[in-house]
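Q: Sharing a structure, written as structure tokens. Questions coming.
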Amino acid sequence: MPVDGFAKIIKAAKRYALLEVLAECADYRLSGTVTRYLRVICDPGLDLHVQTITFDIAVVGAGGSGLRAAIAAAESDPDLKIALISKVYPMRSHTVAAEGGAAAVQQENDSPALHFADTVSGGDWLCEQDTVEYFVGSCQREMIRMEQWGCPWSRKEDGGIAVRSFGGMKVPRTWFAADKTGFHLLHTLFRTSLKYPQIHRLDEHFVLDLLEENRRVAGVVALNMMEGELVRVDAGAVVLATGGAGRLYRCNTNAGIVTGEGMGIAYRHGVALRDMEFVQYHPTGLPGSGILITEASRGEGGVLLNKDGYRYLRDYGLGPETPPGSPEPKFMELGPRDRLSQAFWHEWKAGRMLDTPHGAVSLLDIRHLGREKILERLPFIRELSMQYLGLDPIDKPIPVRPTAHYTMGGIATGGDCESSIKGLFAVGECSSVGLHGANRLGSNSLAELLVFGEVAGRNAASRCKEGAAGSSASLDAQAADAEKSFNALLKQKGKEKWSVIRNEMGLALEEGCGIYRSEKLMSESIVKLAELQVRVKKVGIADSASVFNTDVLSLIEISHGLDLAEAIAHSAVKRRESRGAHQRLDEGCRERDDENFLRHSLAYYNKGAAPRIEYAPVKITRLPPAGRLYGAEEASRDRENGKKDNG
Amino acid sequence: MADAKKLLLKIQRYNPEKDAAPYLVPYEIPLDDRTSLLDGLQYVKDNISPDLSFRSSCRMAICGSCGVMLNGEPRLACKSFLRNYANGATVEPLANFPVEKDLVVDFTRFLECLEALKPYITGNPRTPDDGPNTQTPTQLARYHKFSLCINCGLCYAACPQFGLNPSFLGPAAITLAHRYNLDSRDRGKKERVRIMNTENGVWACTFVGYCSKVCPKHADPAAALQQCKAAGALDFLASVLSRKKNRGAACGDKA
Amino acid sequence: MATKRKPYVRESGRCWWKGNPCYRFYMLREGSSVFSIWVGLLLLLFLFSPAVFSALIKNPLVRLLNSAALLAALLHTKTWYELAPRALNLPEEKLAVLVKGLWTATIAFSALALLFSLT
């Protein structure tokens, strides 16, 4: 490129005239480096070409929670420099696939107290009640903020916000944008983040390790996937917002990137993973692929049928039957996800489900909603059914089956989102802030991203000012270690394949830690996982390239995955009761046991051995443990309580 | 399954550290009715060539990662089914973007264009304490179609103008900027129209229309660009008229 | 630090439009405008020398050219009516009505013009 061309670019860049820079650079086919150079020129302190970059805050993961945290940090102190690091472009994050909606009190007959009660009983009392309290009080504010940032919430005729019913929620309080709520939330957040020049995106950077000194976080080491080079990001606070680990299971609703290494990294640094045994099965995934069919299809009035066309949920404590198309909150199809998946399992064992080459299925019937409503409220569900099953739900019921969906557990944090390492925050599905307990209610997780994303961002902004650990010799050594082990992995030789290990791990978890669990099956899974831990060291890496080497990254993802799978299986086998998504079939473990197990499990990493499982108390403030009732049973209890209150 | 159906998939490979130019490699893929191209690519990575690089994530046509050229046509790999390609198929990286490795292209150009067009609500002073804006379903419908863009880049691969002139801001970025121009909550239209009316903005579009044909979400970028041209022309007209009026006023002062 | 990247850029050659049916149709659509130059020249000729014009249009080659021009105009009208209304932000159903309206108006106007010129 001629010198005068470059001079022109620099001149334009200094004025931050992005358009001119783009035009100049494109002429020289400089695409791909523009923003990078531009920012270096505007901010000489930020030379992305050296291996160490200093920021105030590093946010790892750019889905809903990461973006919300980055924006909150930028808003609470505009002078902060924030790195937003993600292994994919922000728009690819798995938040994009959330369909149904986000919970926040909206109707006049609703209140935060009702939302609180639904969440705590939905979580089978394993929730931190002070955290839930803060959450239900903050949801609406966050939803309104999203509205003002441009989220296209579905509306009522008068222009107000529309809400829909969701499973386990007593009152309709799910804000939605047709059936692409996550998509619209993610894109709204991403585009809003472009407003803040202090947010510096490091797209397609894969975080390999944390830097910490004396239990104080100091930054991360990441791989620039396109360059194949390691970058050290020094930061006074790190926010992990890396999502869940649904991909550990063979059949799941999750995107391919939901592999859990964010949790894995914190875990290897001695941070506890809390309540990992609670893995949610979503009752309506497509057979085979596991693609999600939103709960909103039931919230709008869809019904679940067995092979005889019978609405089997009435036999599982969720009845009596409500008329198709007029769903009653907390009755029948609007029961919580764990109960619905368990009902499926029983019907299947009784031989009343349809057999297909992709496993047994029940039928989700939305035909009675009519063409117009389906097109308005569930267009994406129709598109998915037509594309991936070749059937139009306007004319035919959709075959569905329970599919691994969500990890309730994760990096243990307090209500302020900070973990046991000072300055290390976790938020969203990778965290366990104590909101979901033993079973998450649908539409609470999108709300969680926003509410706790804001909390994490704000708290990280104040924590980072306390000063990072700086570049001491120990941090340099840690960074060097990270580089050394990455380089070793690149050259690893062996006959094993990560794809085989991934498949065997998925199967082991599905058999041992599925909808129903037993001592025997879980122990078998534990043995299998230990075997895979040995074999994963013998995986050979075929790709020698530095540029976009996804061979080695897949191996890293899967080796973290194995750690998490062990945390799940060991936490599960030690919880000798049935609660929420953790249901056991063995003698003496079939009921909830508050006396011994109204406690969080904490899994600690134990290099080369099984994780150490400890327990911590659950914070109960307002709502003491009680029976978890749905359908007519709950209604009659409410009536009795009403009588008592009146008398 | 010995009698399982198979298909020959030719995949373009390129390792920048070894190869001077990309080349095609044939792979045999087992398939059934539901095998998507993405499943096929993952099959190759899992079983034959772990060093094959491609982007993918949601596998349900909403994240926009897996755009490729399938038999010369821009498509999402997860939304293309191999049953429709009985005679085999050729997979290449998305056209009009520089190829970095195998099927991975450099996509940053798109993000830069998007950023340049300020695609966010501006100038609305409302705060959460004021409660949500009112927006009727009719007002929502005005921009809703254009908000469905998943940033997959297929329209850039379909746009010959972008191929010939990489400075063109391109279909998706302009569509998203237009989406905000049509949003009743936004006050930033003037600034965006100014940017769109620059040399590499909407006027670089010659309405080939292929972008709307390949859009997997029917966001209709071609229509958005047409509407932007109309808005741009009106804006130009208004500025000429107001200049005339100002000049008239100035003359009046002198007299 | 030297980058290991070596992005491969595929240039759009002069024949970029040949490989894709959509591009070929686009070239045809844009190419059809050549005939409007021809018709324009013909009309200019009519203005300056009606006699030569009257003689010329009977020439079989000119007739052929004019038929081609008519087809080109029809093609252009069709594509124009499909594309131009998209500059209005209307729902698909209304667009369809508008396009029908445009065709009705065109046919009515042409019929009137034909009637007028024949009488």
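The values are calculated or read from the model by the stated rules, or taken from the named source; none is laboratory data. Owing to the predicted nature of the structure, the values given are computational and were not obtained by experimental measurement. So basically every Cβ, Gly included, is an ideal-geometry build from the backbone, and we count neighbours across all protein chains shown.
Q: Return the residue satisfying two criteria in turn: it lies in segment B:147-171 and is of a type in the set (Ser, Thr, Tyr) and in a helix (DSSP H, G or I), and of such residues it is farthest from C:TYR26 (Cα to Cα).
A: So in segment B:147-171, the residues of a type in the set (Ser, Thr, Tyr) come out as B:147, B:156, B:167.
After this cut, where a residue has to be in a helix (DSSP H, G or I) as well, the list is B:147, B:156.
Details: B:SER147: 27, B:TYR156: 17 Å.
Ranking the candidates gives B:SER147 first.
Q: Moving on to the next point. Within segment C:3-23, which residues are loosely packed, with under 13 Cβ neighbours inside 10 Å and farther than 13 Å from B:ALA158 by Cα? Show your work before the answer.
A: The first filter runs over segment C:3-23 and keeps only residues loosely packed, with under 13 Cβ neighbours inside 10 Å, leaving C:9, C:11, C:13-15, C:18-19, C:21.
Correct list: C:VAL9, C:GLU11, C:GLY13, C:ARG14, C:CYS15, C:LYS18.
Q: If you check A:ILE144, A:ILE199, which single one turns out to be crowded, with 19+ Cβ neighbours inside 10 Å, among the aliphatic types (A, V, I, L, M) and either in the same structural domain as A:SER546 (by TED's automatic domain parsing) or at pLDDT 95 or above (or both)? Please lay out each step first, then the result.
A: Details: A:ILE199 fails: either in the same structural domain as A:SER546 (by TED's automatic domain parsing) or at pLDDT 95 or above (or both).
That would be A:ILE144, the only listed residue that is crowded, with 19+ Cβ neighbours inside 10 Å, among the aliphatic types (A, V, I, L, M) and either in the same structural domain as A:SER546 (by TED's automatic domain parsing) or at pLDDT 95 or above (or both).
Q: Next up: Surrounded by 11 or more Cβ atoms within 10 Å (Cβ to Cβ), without any contact (Cβ under 8 Å) to a residue 40 or more places away in the chain, within 13 Å of chain B (Cβ to nearest Cβ) and part of a helix (DSSP H, G or I): is that true of C:ALA96 in this structure?
A: No: the conditions fail for C:ALA96.
Q: Now a separate question. So which residues in segment A:240-253 are under 16 Å from A:GLU510 (Cβ atoms) and over 9 Å from the mean Cα position of the chain (by Cα)?
A: A:ARG247, A:LEU248, A:TYR249, A:ARG250, A:CYS251, A:ASN252, A:THR253
Q: All but one of (1) within 21 Å of the chain's Cα centre (by Cα); (2) under 19 Å from A:ALA581 (Cα atoms) hold for A:LEU424, so report the exception by its number.
A: (2)
Q: Only helices (runs of 4 or more DSSP H) wholly contained in segment A:283-401 count here; list those with 3 or more residues that are under 30 Å from A:ARG247 (Cβ atoms) and of a type in the set (Lys, Arg).
A: Details: elements: A:296-299, A:337-349, A:370-377, A:379-389.
Once the helices (runs of 4 or more DSSP H) in segment A:283-401 are filtered for at least 3 residues that are under 30 Å from A:ARG247 (Cβ atoms) and of a type in the set (Lys, Arg), what remains is A:337-349.
Q: Name the single residue that is nearest to B:ALA233 (Cα to Cα) among those in segment B:184-198 being of a type outside the set (A, V, I, L, M, F, W, C) and crowded, with 18+ Cβ neighbours inside 10 Å. Spell out the reasoning first.
A: So the first thing to find is which residues in segment B:184-198 are of a type outside the set (A, V, I, L, M, F, W, C), and the list is B:184-192, B:194, B:197-198.
Applying the additional criterion that residues be crowded, with 18+ Cβ neighbours inside 10 Å yields B:185-186, B:188-189, B:192, B:197.
On the way: B:ARG185: 23, B:ASP186: 20, B:GLY188: 17, B:LYS189: 14, B:ARG192: 14, B:ASN197: 9 Å.
Result: B:ASN197.
Q: While we're on this one: Taking the conditions exactly as written (more than 14 Å from chain B (Cβ to nearest Cβ), within 21 Å of A:SER559 (Cα to Cα), surrounded by 15 or more Cβ atoms within 10 Å (Cβ to Cβ) and among the charged types (D, E, K, R)), does A:GLU510 satisfy them or not? Spell out the reasoning first.
A: Details: more than 14 Å from chain B (Cβ to nearest Cβ): yes; within 21 Å of A:SER559 (Cα to Cα): yes; surrounded by 15 or more Cβ atoms within 10 Å (Cβ to Cβ): yes; among the charged types (D, E, K, R): yes.
For A:GLU510, the condition - more than 14 Å from chain B (Cβ to nearest Cβ), within 21 Å of A:SER559 (Cα to Cα), surrounded by 15 or more Cβ atoms within 10 Å (Cβ to Cβ) and among the charged types (D, E, K, R) - is met.
Q: Would you confirm whether any residue within segment B:75-92 is among the acidic types (Asp, Glu) and within 14 Å of chain C (Cβ to nearest Cβ)? Step through it out loud before you land on a result.
A: Applying the first criterion (among the acidic types (Asp, Glu)) to segment B:75-92 yields B:92.
Now drop any that are not within 14 Å of chain C (Cβ to nearest Cβ), which leaves B:92.
Yes; the residues of segment B:75-92 include at least one that is among the acidic types (Asp, Glu) and within 14 Å of chain C (Cβ to nearest Cβ).
Q: Could you tell me whether any residue of segment B:133-146 is free of Cβ contacts under 8 Å to residues at least 12 places away in the same chain and within 21 Å of B:SER36 (Cα to Cα)? Give the derivation first.
A: Step one: of segment B:133-146, the residues free of Cβ contacts under 8 Å to residues at least 12 places away in the same chain are B:134, B:136-138, B:140-141, B:144.
Still in the list and also within 21 Å of B:SER36 (Cα to Cα): none.
Within segment B:133-146, not a single residue is free of Cβ contacts under 8 Å to residues at least 12 places away in the same chain and within 21 Å of B:SER36 (Cα to Cα).
Q: Then there is this: Look at segment A:526-552 and say how many of its residues are assigned to a loop (DSSP other than H, G, I, E, B) and of a type in the set (D, E, K, R).
A: Step one: list which residues in segment A:526-552 are assigned to a loop (DSSP other than H, G, I, E, B), which gives A:540-549.
Those left that are additionally of a type in the set (D, E, K, R): A:543.
Of the residues in that region, 1 qualify.
Q: Please give the number of the condition B:GLN226 fails out of (1) crowded, with 19+ Cβ neighbours inside 10 Å; (2) within 11 Å of chain C (Cβ to nearest Cβ); (3) within 13 Å of the chain's Cα centre (by Cα).
A: Of (1) crowded, with 19+ Cβ neighbours inside 10 Å; (2) within 11 Å of chain C (Cβ to nearest Cβ); (3) within 13 Å of the chain's Cα centre (by Cα), only one is false for B:GLN226: (3).
Q: Here is a further query. Here is a list: A:LEU450, A:LEU435, A:LEU446. Which entry is outside any helix (DSSP H, G or I), closer than 30 Å to A:TYR630 by Cβ and not aromatic (Phe, Trp, Tyr)?
A: Working: A:LEU450 fails: outside any helix (DSSP H, G or I); A:LEU446 fails: outside any helix (DSSP H, G or I).
One residue alone meets the criteria, A:LEU435.
Q: Let me ask something else about it. Mind counting the residues in segment B:108-133 that are assigned to a loop (DSSP other than H, G, I, E, B), facing another protein chain (nearest Cβ under 7 Å) and on the phi < 0 side of the Ramachandran plot? Let's see the steps before the verdict.
A: So the first thing to find is which residues in segment B:108-133 are assigned to a loop (DSSP other than H, G, I, E, B), and the list is B:117-127, B:131-133.
Of the ones still in play, those that are also facing another protein chain (nearest Cβ under 7 Å) are B:119-121, B:124, B:126, B:131-133.
Imposing the further condition that a residue be on the phi < 0 side of the Ramachandran plot reduces the set to B:119-121, B:124, B:126, B:132-133.
Adding up the residues that qualify gives 7.
Q: A further question on this structure: Kindly check whether there is at least one residue in segment B:172-195 that is in contact with a Pro (Cβ under 8 Å, 6 or more places away or on another chain), part of a loop (DSSP other than H, G, I, E, B) and more than 10 Å from chain A (Cβ to nearest Cβ).
A: Among the residues of segment B:172-195, not one is in contact with a Pro (Cβ under 8 Å, 6 or more places away or on another chain), part of a loop (DSSP other than H, G, I, E, B) and more than 10 Å from chain A (Cβ to nearest Cβ), which makes the answer no.
Q: List every residue pair whose Cβ atoms lie under 9 Å apart, where the two residues are 6 or more positions apart in sequence or sit on different chains, the first residue falls within segment C:69-89 and is within 14 Å of B:ALA222 (Cα to Cα), and the second residue, located anywhere, is outside any helix (DSSP H, G or I) and not hydrophobic (A, V, I, L, M, F, W, C).
A: Hits for this filter: C:THR79/B:GLY209; C:THR79/C:SER32; C:GLU82/B:GLY209; C:LEU83/B:GLY209; C:ARG86/B:ASP220.
Q: With respect to C:LEU65, is the statement that it is within 14 Å of chain B (Cβ to nearest Cβ), aliphatic (A, V, I, L, M), part of a helix (DSSP H, G or I) and surrounded by 14 or more Cβ atoms within 10 Å (Cβ to Cβ) true? Let's see the steps before the verdict.
A: On the way: within 14 Å of chain B (Cβ to nearest Cβ): no; aliphatic (A, V, I, L, M): yes; part of a helix (DSSP H, G or I): yes; surrounded by 14 or more Cβ atoms within 10 Å (Cβ to Cβ): yes.
No.
Q: Considering only segment B:199-211, I want to know if a residue exists there that is surrounded by fewer than 18 Cβ atoms within 10 Å (Cβ to Cβ) and within 8 Å of chain A (Cβ to nearest Cβ).
A: Checking segment B:199-211: at least one residue is surrounded by fewer than 18 Cβ atoms within 10 Å (Cβ to Cβ) and within 8 Å of chain A (Cβ to nearest Cβ).
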